[in-house]
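Okay, so here's the structure we're looking at.
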Amino acid sequence: QAQLVESGGGLVQAGGSLRLSCAASGGTYSMYAMAWFRQAPGKEREFVAVFAPTGNTNYADSVKGRFTISRDVAKNTVTLELSSLIPEDTAVYYCAAGPIGTISPRQYYYWGQGTQVTVSS
């Protein structure tokens, strides 16, 4: 059974950094796009970054230059490095896997349970 488990969230001051990790199990993900989404209270889930099977990456404009996504295909892990954090980055961050590396959450089949990131001002 496919399972994605995120870790690494927490409370950080504005300007700080965090490292989120996602471990995938129960399947082969090498041909899947691995992505990060986030959802703040009262808002829709939004795209953050994706790492496609081709090695291409894509970022939301709001995080470009501050966040970095990486992937270890052999270990079935994907990592999101968050830096220069701002209070607007506060959200639950979700890891997702799907066959197409789009920005739409509807294109992703598997989801983690989420990890909370809180940025204080």
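The values are calculated or read from the model by the stated rules, or taken from the named source; none is laboratory data. No experiment lies behind these values; they were computed from the predicted model shown. Cβ atoms come from the backbone with ideal geometry, glycine included; neighbour counts cover every protein chain shown. Remember, those area values only see protein heavy atoms, side chains included, never the ligands or the DNA or RNA. Shrake-Rupley method; radii C 1.70, N 1.55, O 1.52, S 1.80 Å.
Structure notes:
- Each residue in region 84-121 was checked for being within 18 Å of Phe51 (Cα to Cα) and of a type in the set (Ser, Thr, Tyr), and 7 pass.
- Taken over region 1-30, the criterion of being closer than 18 Å to Trp111 by Cβ and assigned to a loop (DSSP other than H, G, I, E, B) is satisfied by Gln1, Ala2, Gly8, Gly9, Gly26, Gly27, Thr28, Tyr29.
- Close contacts from region 24-44, counting a first residue that is under 21 Å from Thr57 (Cβ atoms) and open to solvent by less than 10 Å² (accessible area, probe 1.4 Å) and a second that is among the hydrophobic types (A, V, I, L, M, F, W, C) and part of a loop (DSSP other than H, G, I, E, B), with Cβ to Cβ under 7 Å and a gap of 6+ residues or different chains, come to Ala33/Ala52; Ala33/Ile100.
Residue-wise test of (1) in contact with a His (Cβ under 8 Å, 6 or more places away or on another chain); (2) in a loop (DSSP other than H, G, I, E, B); (3) within 16 Å of Leu18 (Cα to Cα); (4) not hydrophobic (A, V, I, L, M, F, W, C).
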residue: Val48; (1), (2), (3), (4): no, no, yes, no
residue: Asp61; (1), (2), (3), (4): no, yes, no, yes
residue: Ile69; (1), (2), (3), (4): no, no, yes, no
residue: Ala74; (1), (2), (3), (4): no, yes, no, no
residue: Leu80; (1), (2), (3), (4): no, no, yes, no
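- The listed residue being of a type in the set (Phe, Trp, Tyr), over 28 Å from Gln1 (Cβ atoms) and surrounded by 15 or more Cβ atoms within 10 Å (Cβ to Cβ), out of Tyr110, Tyr59: Tyr59
- Looking only at residues of region 45-56 that are among the small types (Gly, Ala, Ser) and over 11 Å from the mean Cα position of the chain (by Cα), we find that the one that is most open to solvent (accessible area, probe 1.4 Å) is Gly55.
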